[in-house]
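The values are calculated or read from the model by the stated rules, or taken from the named source; none is laboratory data. Keep in mind the model is a prediction, meaning the values are calculated, not measured. Positions of Cβ are generated from backbone atoms using ideal geometry, with glycine treated the same way; all protein chains shown enter the neighbour counts.
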Amino acid sequence: MIDEAVKKLIAAEEKRQREGLELIPSENYVSRGVLEAMGSVFTNKYSEGYPGKRYYGGQENTDQIESLAIDRAKKLFKADHANVQSHAGAPANEAVYFAWLEAGDTVLAMDLSHGGHLTHGAPVTRAAHTYNFIRYKMKNIETGEIDYKELRNLALKYKPKIVLAGFSAYPRELDYAKFAEIGNEVGALLMADMAHIAGLIVGGVAKNPFDYGFHVITTTTHKTLRGPRGGMILSRGVVSNPLKAPEKTLANIPTLIDRAVFPGIQGGPLEHIIAAKAVAFGEALRPEFKVYAKQIVKNAKVLAEALLAHGFKLITGGTSNHLILADVNKSFGIDGKVVEEALDKVGLTLNKNAVPDDPLPPYRPSGIRLGTPAITTRGLKEKDMQVIADWMRQTIDRRDNPAKLKELREQVRTFALKYPLPSDP
């Protein structure tokens, strides 16, 4: 590498990752194969359009690599169609809105403070200024039960064009059958944002919304899917001609989505990232990925139980997936930023996060969010979750004791170095 300043920072980041434990549930570690594909010469190629329908020449290899990623994605999720060009999860969601909605149309989605995502209608987003978002919440934050009766009432009242099931900080599994029943009753498009649990779905430890009649699934390709940073849109139906504008019917959803992605909201695809997606999808098709997905959930449940034993108050009382949300304000009288910063000092990385109807501001919320995908990738098992929970409680209790924090940092470093990164030679 020629640029010494960049080389130094990459080395520093590699050191940080090796010597600490990533507990942010939306993060993971990729394989060496994924890294190599991202750094390949496919980054040099402009490929506006789709396989067989490009605007530039010299596409014989990009067409093949993108088609390979598409075929593997369809197989993983039992989808009829996959658009692998979305640069991230947010534009993937935006593309579905753009494909199906007109300005002012209504979307029924989960409230941000109850576990939804910014792109599900948070007022600070562009989509919220274009479309009308109505938000549903949990009925009981102690159990995580969604208020499906109220959800139906909202659907009947506002007649949404899209009913969106999905989340960013919700530790339980959604009842897709109920969503489908409600959405079908009002004639809505059924959309699932599975960015967080895509890997759990293909691993067989989370339900697949397509099995319940959903029309569209959006997802990121990192997180539990363990691929490069990017997005993807999966759907039912058959693509006709993406160069010709079709009617807005469910049968035309794949074509509408392709046109919404390009030329609707983004230009040339990142073919080096698509190559890396193909590698990650191939890894997810292997039998060992199912073992990995099961271990993510096992680790999360044990970690949640250990945190409860250490006095952490957990939203929904635990977890059914990879993700845990704890209210540290109610547990210890401090905010999530304090906990995040203290844990950073000992090499445990997680993020501050709002809790349902949080009384504190977003930049100093009441909660923290953590999960097990990345540490499971490193090879940690159930017994290790007890150790992590103990470190977390010790860090909170001794957060104003530099000597104790230094001691804990050495313990975490020594422990983490026993588990190499999957990209290590």
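Out of Thr316, Thr255, I need the residue that is at positive phi, assigned to a helix (DSSP H, G or I), buried (at least 19 other Cβ atoms within 10 Å of the Cβ) and not charged (D, E, K, R). Which one?
Numbers: Thr255 fails: at positive phi.
Answer to the selection: Thr316.
Quick one: would you say Pro287 is free of Cβ contacts under 8 Å to residues at least 40 places away in the same chain, in contact with a helix residue (DSSP H, G or I) (Cβ under 6 Å, 6 or more places away or on another chain) and surrounded by fewer than 20 Cβ atoms within 10 Å (Cβ to Cβ)? Give the steps one after another, and end with the answer.
On the way: free of Cβ contacts under 8 Å to residues at least 40 places away in the same chain: yes; in contact with a helix residue (DSSP H, G or I) (Cβ under 6 Å, 6 or more places away or on another chain): no; surrounded by fewer than 20 Cβ atoms within 10 Å (Cβ to Cβ): yes.
So Pro287 does not fit the description; no.
Taking the condition of being modelled with pLDDT of 95 or more and part of a loop (DSSP other than H, G, I, E, B), how many residues in segment 227-252 meet it? Outline the logic, then answer.
Pass one, segment 227-252, residues modelled with pLDDT of 95 or more: 227-235.
Remaining after also requiring part of a loop (DSSP other than H, G, I, E, B): 227-230.
Here the count works out to 4.
Out of contact with any Ser or Thr (no Cβ under 8 Å at 6 or more places or on another chain), among the polar types (S, T, N, Q) and part of a helix (DSSP H, G or I): is that true of Ser331 in this structure?
Details: out of contact with any Ser or Thr (no Cβ under 8 Å at 6 or more places or on another chain): yes; among the polar types (S, T, N, Q): yes; part of a helix (DSSP H, G or I): yes.
Yes.
Looking at this structure, is Lys290 charged (D, E, K, R) and in a helix (DSSP H, G or I)? Full working, then the answer.
Numbers: charged (D, E, K, R): yes; in a helix (DSSP H, G or I): yes.
Answer is yes for this residue.
Among the listed residues Ala127, Ala109, identify the single one that is assigned by TED's automatic domain parsing to the domain that holds Thr255 and either closer than 15 Å to Phe179 by Cβ or in a loop (DSSP other than H, G, I, E, B) (or both). Can you show your working first?
On the way: Ala127 fails: either closer than 15 Å to Phe179 by Cβ or in a loop (DSSP other than H, G, I, E, B) (or both).
Selected residue: Ala109, the only one of Ala127, Ala109 that is assigned by TED's automatic domain parsing to the domain that holds Thr255 and either closer than 15 Å to Phe179 by Cβ or in a loop (DSSP other than H, G, I, E, B) (or both).
Of all residues in segment 394-425, which are farther than 16 Å from Arg16 by Cβ and either among the polar types (S, T, N, Q) or in contact with a Gly (Cβ under 7 Å, 6 or more places away or on another chain) (or both)?
Those that are farther than 16 Å from Arg16 by Cβ and either among the polar types (S, T, N, Q) or in contact with a Gly (Cβ under 7 Å, 6 or more places away or on another chain) (or both): Gln394, Thr395, Asn401, Gln411.
Counting only residues that are in a loop (DSSP other than H, G, I, E, B) and surrounded by fewer than 22 Cβ atoms within 10 Å (Cβ to Cβ), which one in segment 180-204 is nearest to the chain's Cα centre (by Cα)? Give the steps one after another, and end with the answer.
Of segment 180-204, the ones in a loop (DSSP other than H, G, I, E, B) are 186-188, 194-197, 203-204.
Going one step further and asking which of them are surrounded by fewer than 22 Cβ atoms within 10 Å (Cβ to Cβ), we end up with 186-187, 204.
Details: Val186: 28, Gly187: 27, Gly204: 17 Å.
The residue in question is Gly204.
Can you tell me which of (1) more than 24 Å from Phe179 (Cβ to Cβ); (2) not basic (Lys, Arg); (3) not assigned by TED's automatic domain parsing to the domain that holds Ala69 is the one Ile274 doesn't meet?
(3)
When you look at Gly115, is it touching a Leu at 6+ places or on another chain (Cβ under 8 Å) and at positive phi, yes or no?
yes
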